[in-house]
1. Considering only the range 62-86, state which residues are in a strand (DSSP E or B) and more than 16 Å from S21 (Cα to Cα).
2. What number of residues in the range 221-252 are more than 18 Å from I192 (Cα to Cα) and either charged (D, E, K, R) or buried (at least 17 other Cβ atoms within 10 Å of the Cβ) (or both)?
3. From the residues in the range 61-94 that are among the β-branched types (V, I, T) and over 29 Å from the mean Cα position of the chain (by Cα), which one is farthest from K139 (Cα to Cα)?
4. Report whether or not C149 is in contact with a helix residue (DSSP H, G or I) (Cβ under 6 Å, 6 or more places away or on another chain), at pLDDT 95 or above and hydrophobic (A, V, I, L, M, F, W, C).
5. I need the strands (runs of 3 or more DSSP E) fully contained in the range 87-178, keeping only those with at least 3 residues that are hydrophobic (A, V, I, L, M, F, W, C).
6. Condition first: within 23 Å of I118 (Cα to Cα) and part of a helix (DSSP H, G or I). Now tell me which residues in the range 220-246 satisfy that.
7. Please indicate, with yes or no, whether at least one residue in the range 300-307 is at pLDDT below 90 and under 13 Å from the mean Cα position of the chain (by Cα).
Amino acid sequence: MRRVLVARGGEVSSFSGLGGSHERFVKLLAAGDILDYSLVATLQYPIANNPLTRAYRRWISHPKKVAKLAVKDKVDILHITDQEQAHLIPKNCPIPVVVYVHDMFHIFPTIIDSGKEIVEVGDHKPSILRRFDLNKLRKGLSRANLFICNSPSTAEIIGRVYPDTPAISVPYCIDLELYNPHKNLRPKPNWISDDKMNLLIVGSEEPRKRLDFAIEAIAMLPEDIRSKIVIHKVGAESSSASRKELEDLAIHCQVELNWLGRMEQEELYAAYQHTNGLLFPSCAEGFGLPAVEALAAGSWAFIADFPAHNMHLPEESCLPKYNQQAWADAVEKKFHEPRQINEESLELSQRYSNKSFTNNIAKSWNSLFEN
């Protein structure tokens, strides 16, 4: 039985992508679900309000604590649960260090053609403190022994930057039973319109999410169909200004937009189970969790054919990146089909089971000890 020390920095909400994936990973390891590995401890700290305290914990006290425990007896692996904590990797660490990499957008910012404009992904003009932090993160990543990435595209990107460090793709897992309508059907939310086609969009309204693209695509439908469609937008908003801009666009396009905002997890399960399908037009994702959640709920999804989320769905569900008419045509076809549980989606979702994830994590860790 090999013992794993798990570390991240400041404790973040489990409602966030990084916080939720960290929490799921720790629970699986603590429960003994990763064969031949056990949890020594989980290191993180409460995020303080004082900026000086935050900086001291992030750059000084917490890295020292991680380094101290990493050299203790009976610790075989140090596992960092996201790339934004790579500065925690000790210099000359005596045990192998693994970093789970969700994306590289914020450490190595990029630009992407959204079809309407060039979208900056990540901070292209970081502050002095952020530049200092980024320098530490990049140096920390150079000390890792293995990258476990949530998608092949992320593994390819980090492999180009750090070609001497192995990068393995192991997608996220989710608790499939909680989404499955056959096993855990939730009550239908009162905002679901019985006499309309209910389409779901999950995520922020950052430019890379391309909510405007989806609204304009629905606007291209014939009026008699468009008037019977409502888009439900779920997810904490980036700013009130961005929300108003999208709501104004919907009014201009005569598209019904129901802005729901942030939801509790139980409400989100119900949203996936009872809406007709998911629209996911994003042009930049490290993974694209909503597409997997839609599968697990027995729903269908239309996604833009960008990595990494295009790895989740069959080819017919990956729509052209920039062709809004193709999106309108695909929605119109679904409009004429009865809403029912999609058994093919449920079958595809099995790739993201806890068992699949834990088996692949164990294989990845085993590779550190093969030579």
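The values are calculated or read from the model by the stated rules, or taken from the named source; none is laboratory data. Because the structure is a prediction, the values reported are computed rather than measured. In this analysis, Cβ positions are derived from the backbone assuming ideal geometry, glycine residues included, and neighbour counts consider all displayed protein chains.
1. If the condition is that a residue be in a strand (DSSP E or B) and more than 16 Å from S21 (Cα to Cα), then I77, L78 are the ones that fit.
2. Total meeting the criteria: 11.
3. In the first step, residues of the range 61-94 are kept if they are among the β-branched types (V, I, T); the result is 66, 71, 75, 77, 80-81, 89.
Of the ones still in play, those that are also over 29 Å from the mean Cα position of the chain (by Cα) are 71, 75.
Values: V71: 20, V75: 23 Å.
Taking the candidates together, the pick is V75.
4. Values: in contact with a helix residue (DSSP H, G or I) (Cβ under 6 Å, 6 or more places away or on another chain): yes; at pLDDT 95 or above: yes; hydrophobic (A, V, I, L, M, F, W, C): yes.
So C149 passes the test.
5. Fully inside the range 87-178 and qualifying: 97-101, 118-121, 146-149.
6. Of everything in the range 220-246, those that are within 23 Å of I118 (Cα to Cα) and part of a helix (DSSP H, G or I) turn out to be S240, A241, S242, R243, K244, E245, L246.
7. yes
Residues checked against (1) without any contact (Cβ under 8 Å) to a residue 12 or more places away in the chain; (2) among the aliphatic types (A, V, I, L, M); (3) outside the structural domain of H182 (by TED's automatic domain parsing):
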| site | (1), (2), (3) |
| --- | --- |
| A270 | no, yes, no |
| Q273 | no, no, no |
| P281 | no, no, no |
| G288 | no, no, no |
| G298 | no, no, no |
| E315 | yes, no, no |
| D329 | yes, no, no |
| S345 | no, no, no |
